[in-house]
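Report on the structure given below.
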Amino acid sequence: MIKDVGQIRRSVMTLAFPITVSSFLQRAEGIVAIFLVGGLGATSIAAVGLGQLLAFIATTVVSGLSVGTNVIVAQLWGARRRQDAGEAARHFLWLSIGISLLLAALGVWSNAFVMHHLGAEPGVIELALPYSTLIFLVIPCTVLIQVLSSILQGTGDTRTPMYAMIGVNLLHVSFAYPLIYGRWGLPSLGLTGAAIAVGFAEATGALYLLMRCRSILKQSLRVRLDLIRSIWEVGASVSGERIIQQAGVFVYTKLVLLYGTVAYAAHQVGLSIESFSFLPGYGLAIAAATMVGQSIGAGKYARAKLENWEANRIAMALMAGMGLIFYLFPDALLRAFTTDEAVIELGITFLKIVALLQIPLAVTMVLAGSLRGAGDTRFIMGTTVVGMWGVRVPLALMAALWLDQSVFFIWAVTIADWSVRMGLLLWRYRSERWRQIQVIR
């Protein structure tokens, strides 16, 4: 047993480390953009953050379905049904391309309207609109990176997506700085230059991943309705969960914006810093989903439980350590992103709150990953409904609109949200009802 645990621990780390690096690098595009425009002031930071938020909301549907494909590919791969896994991957790839084109068109058409109704100030909208329009135009490339990475991760190949994101980030940094500030003979394009750099880098990354997936993607002589049905059964709930989550984030963001541009800038910079902690948790969650999915596909349920335990243990240790850093050194972390004293003052409060979130967040992320690997996505969606719409949004609304509390209380309700989700997922996992779910047939 001890030998098995040690082997599983090494497998978890082998899978999770490249995913963590990939996730960090994927998030790093947004972090770098905020970092580079930080010298332009709080309005520019808020504009970039708003544009990124809208694009992230738009890709929610596809990112949810990509999780479904990861689960299906992982279980088929674990069952040694490689042809079926390749056909499932190809079916989803075409579906996601079509959806991403629709999302791009919808985003370009509606982003100004959405910004206005979010409550953003006119100066922020004026700066954010060109940036977000270009970001929406390159959403198909963003989606392809997500989808192709998910397919590869389902087979256990987590290194190739990492290499792709290393290349994407190197290209992004190389072009973003000179295009924003007009260096090295290039024009000074401000936030538009930041968006152009993202588009070029992500198009290159998507092309590289597509070439690397050619051996996995399998031609099918017919439309495999059984595979589409399996992807839908898993992916629809994940997409529903993401939509519910992002709808709540939309309302929550609107409440933060009520406190002004400085509060939203502090919120955005704080989230960028917090990502250094939840990205390892995200990597471990995907590793857990992949390993649990493959073990269930092979009928090894006891091994699946050990894999969940090891992923959870590692995530709690890493994220608790990061939470301690957030609590003890918030000022230094914030000054790496901005020199605006008002933003820093509010950001310190934000980071001390998220420091207390780290253990509930770690447990919730990894348990959700393990349950997704088993195909238990409907319960996770229900947990999100309870946490976001039963706890966070109502408490934030009361604090902001009826009790006239400061932004501190708006941020603090997230602790209650994630604690409730953690409790529900722990109960579900211990019930072992996930063992009865049949994803592949």
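The values are calculated or read from the model by the stated rules, or taken from the named source; none is laboratory data. All values reported here derive from a predicted model rather than from experimental measurement. Note that we place each Cβ from the backbone using ideal geometry, even for glycine, and neighbour counts take in every protein chain shown.
Beta carbons closer than 7 Å, at least 6 apart along the sequence or on distinct chains, never pair a first residue in segment 277-300 that is without any contact (Cβ under 8 Å) to a residue 12 or more places away in the chain with a second that is among the hydroxyl-bearing types (S, T, Y) and assigned to a helix (DSSP H, G or I).
Within segment 374-401, restricting attention to residues that are under 23 Å from the mean Cα position of the chain (by Cα) and over 17 Å from R242 (Cβ atoms), the residue that is surrounded by the fewest Cβ atoms within 10 Å (Cβ to Cβ) is G390.
Among the listed residues V234, V223, identify the single one that is of a type in the set (V, I, T), over 25 Å from the mean Cα position of the chain (by Cα) and either within 24 Å of P122 (Cα to Cα) or modelled with pLDDT under 80 (or both). I'd like the intermediate steps shown before the answer.
Working: V234 fails: over 25 Å from the mean Cα position of the chain (by Cα).
So the residue among V234, V223 that is of a type in the set (V, I, T), over 25 Å from the mean Cα position of the chain (by Cα) and either within 24 Å of P122 (Cα to Cα) or modelled with pLDDT under 80 (or both) is V223.
Please find, within segment 134-188, the residue that is nearest to A298 (Cα to Cα) out of those that are among the small types (G, A, S) and buried (at least 23 other Cβ atoms within 10 Å of the Cβ). Talk me through it step by step, then tell me what you get.
Filtering segment 134-188 down to residues among the small types (G, A, S) leaves 149-150, 154, 156, 164, 167, 174, 176, 182, 185, 188.
When the remaining residues are screened for being buried (at least 23 other Cβ atoms within 10 Å of the Cβ), the result is 149-150, 154, 164, 176.
Details: S149: 23, S150: 20, G154: 14, A164: 30, A176: 46 Å.
Ranking the qualifying residues of segment 134-188, first place goes to G154.
Of the residues making up segment 387-413, those that are more than 30 Å from A304 (Cα to Cα) and either β-branched (V, I, T) or touching a Gly at 6+ places or on another chain (Cβ under 9 Å) (or both) number 8. Taking the criterion of being exposed (fewer than 15 other Cβ atoms within 10 Å of the Cβ) and of a type in the set (D, E), the only residue of segment 217-242 that qualifies is D226.
Annotation: of all residues in segment 121-158 being assigned to a helix (DSSP H, G or I) and among the small types (G, A, S), the one that is modelled with the highest pLDDT is S149. If you check R214 against the conditions, is it surrounded by fewer than 24 Cβ atoms within 10 Å (Cβ to Cβ) and more than 29 Å from G390 (Cβ to Cβ)? Against the criterion (surrounded by fewer than 24 Cβ atoms within 10 Å (Cβ to Cβ) and more than 29 Å from G390 (Cβ to Cβ)), R214 qualifies. Residue count for segment 246-271 under the criterion of being surrounded by fewer than 24 Cβ atoms within 10 Å (Cβ to Cβ) and either more than 25 Å from I348 (Cα to Cα) or within 16 Å of the chain's Cα centre (by Cα) (or both): the result is 6. Counting only helices (runs of 4 or more DSSP H) that fall entirely inside segment 1-100 and contain at least 3 residues that are small (G, A, S) and either under 25 Å from V173 (Cα atoms) or at pLDDT below 70 (or both), the qualifying elements are 2-37, 42-58. Among the conditions (1) over 30 Å from L76 (Cα atoms); (2) assigned to a helix (DSSP H, G or I), A302 misses just one, which is (1). Within segment 65-116, being small (G, A, S) and without any contact (Cβ under 8 Å) to a residue 24 or more places away in the chain holds for G98, A105, S110, A112. Selection over segment 224-242 of residues that are hydrophobic (A, V, I, L, M, F, W, C) and under 13 Å from T377 (Cβ atoms) gives a count of 5.
Pairing residues of segment 402-430 that are touching a residue at least 12 places away in the same chain (Cβ under 8 Å) with residues that are part of a loop (DSSP other than H, G, I, E, B) and surrounded by 14 or more Cβ atoms within 10 Å (Cβ to Cβ), at Cβ distances under 6 Å and at least 6 apart in sequence or on separate chains, gives V407/Y259; I415/L356; I415/L357; W418/L357.
Inside segment 276-299, residues that are closer than 26 Å to A74 by Cα and surrounded by fewer than 20 Cβ atoms within 10 Å (Cβ to Cβ) make up a count of 2.
Any chance segment 160-175 includes a residue that's over 30 Å from P394 (Cβ atoms) and in contact with a Cys (Cβ under 6 Å, 6 or more places away or on another chain)?
no
Quick check on segment 231-239. Is at least one of its residues aliphatic (A, V, I, L, M), touching a residue at least 60 places away in the same chain (Cβ under 8 Å) and over 30 Å from V12 (Cβ atoms)? For segment 231-239, residues aliphatic (A, V, I, L, M), touching a residue at least 60 places away in the same chain (Cβ under 8 Å) and over 30 Å from V12 (Cβ atoms): absent.
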